[in-house]
Amino acid sequence: MKEIEDDILPKRRSHLMGPAAQARALAEATAQLAARRQRDALPHRIETPRLVLRAPIRGDVPALVKLADNLKIYEVLARLPHPYTRADGIAFVELIAQRPDERPYAITLDEQFIGVVGFHFHEGQPPELGYWLGEPYWGKGIMSEAVKGLLEAAFATRLFPRIKARALVTNLGSLNVLGKAGFQRLGEGPDPVGQNAGKLVAFLELEQPKWT
Ligand SMILES: CC(C)(COP(=O)(O)OP(=O)(O)OC[C@H]1O[C@@H](n2cnc3c(N)ncnc32)[C@H](O)[C@@H]1OP(=O)(O)O)[C@@H](O)C(=O)NCCC(=O)NCCS
């Protein structure tokens, strides 16, 4: 707690706040710190039978742009620019991937970038799993393998009691990937945020399996 007060609260001018506002700021700072710990505890590199998951790098940009510039991928993701330009690719590698509330991994096959899998951290909520794979690689069990590798690494840290996900109810491929990974469907409703806001999505959650 001392660490939080020293590190974060002064920036919020805690001396100018009333007790209720201070308590709220402290709770918010605690949640932020917990998310940062989860992010930083994840390994830099994850190996699966066929794949290596690692931080996105500048050298990924040409393949990233080629594969991400695809309407079929754009239409089912909450956050992806379209058309997807070189500037978007550079911004993803240099800015988005560096944010404290993001931990995306480049999915690589034979050292080639083929997609992205990772977590988005929300204050006070379980991290949210997200992913996309370049269309030439669909239907080969690749995302199931990448998701399994990432979930095992996350659960090994013991900092992820629950992980959440959401997918358009029409996105059977993604719902199958999540079902195979053990996610339980909690319900359905309009997507609260992102470019698909208002469209019907399924909300899912996975608890840390007892045997891990
Ligand atoms: C969804 C996506 C990640 C699936 O990746 P993938 O590597 O092709 O998936 P897998 O091969 O691991 O398939 C997992 C299961 O889903 C099934 N599946 C895959 N695509 C499917 C589709 N379009 N419709 C129905 N089932 C599908 C597979 O048959 C497999 O089931 P099985 O093991 O019983 O055969 C990929 O199609 C993609 O990137 N789509 C666009 C982006 C996206 O949807 N992101 C998620 C947003 S929530």
**Report entry** Residue among Ala87, Ala68, Ala106, Ala78 that is modelled with pLDDT of 95 or more and surrounded by fewer than 20 Cβ atoms within 10 Å (Cβ to Cβ)
**Finding:** Ala87
Requested in this report: Sort out which residues of region 129-157 are near the ligand (Cβ under 8 Å from one of its atoms) and among the acidic types (Asp, Glu), and write them in order of number.
Outcome: Glu135, Glu145
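Considering only region 158-171, state which residues are part of a strand (DSSP E or B), basic (Lys, Arg) and away from the ligand (no atom under 13 Å from the Cβ). Full working, then the answer.
Filtering region 158-171 for residues part of a strand (DSSP E or B) gives 162-168.
Still in the list and also basic (Lys, Arg): 162, 164, 166.
Of everything in region 158-171, just one residue is part of a strand (DSSP E or B), basic (Lys, Arg) and away from the ligand (no atom under 13 Å from the Cβ), namely Arg162.
How many of the residues making up region 93-103 are in contact with a helix residue (DSSP H, G or I) (Cβ under 8 Å, 6 or more places away or on another chain) and either outside any loop (DSSP other than H, G, I, E, B) or at pLDDT 95 or above (or both)? Reasoning before the result, please.
If we filter region 93-103 for residues that are in contact with a helix residue (DSSP H, G or I) (Cβ under 8 Å, 6 or more places away or on another chain), which is where we start, we get 93-94, 100-103.
Right, trim to either outside any loop (DSSP other than H, G, I, E, B) or at pLDDT 95 or above (or both) and you get 93-94, 102-103.
Residues flagged as in contact with a helix residue (DSSP H, G or I) (Cβ under 8 Å, 6 or more places away or on another chain) and either outside any loop (DSSP other than H, G, I, E, B) or at pLDDT 95 or above (or both) within region 93-103 amount to 4.
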Query - Failed criterion for Glu123 (all others in (1) farther than 30 Å from Ala25 by Cα; (2) surrounded by fewer than 18 Cβ atoms within 10 Å (Cβ to Cβ) hold) - result: (1)
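Give region 115-158 a look and list any residue that's β-branched (Val, Ile, Thr) and in contact with a helix residue (DSSP H, G or I) (Cβ under 9 Å, 6 or more places away or on another chain), or say none. It would help to see each step written out before you state the result.
Filtering region 115-158 for residues β-branched (Val, Ile, Thr) gives 116-117, 142, 147, 157.
Those that are β-branched (Val, Ile, Thr) and in contact with a helix residue (DSSP H, G or I) (Cβ under 9 Å, 6 or more places away or on another chain): Val116, Val117, Val147, Thr157.
The values are calculated or read from the model by the stated rules, or taken from the named source; none is laboratory data. Predicted model, so just to flag it, every value in this text is computed and none were measured. When we count neighbours, we look across all protein chains shown, and the Cβ atoms used for this are built from the backbone with ideal geometry, even at glycine.
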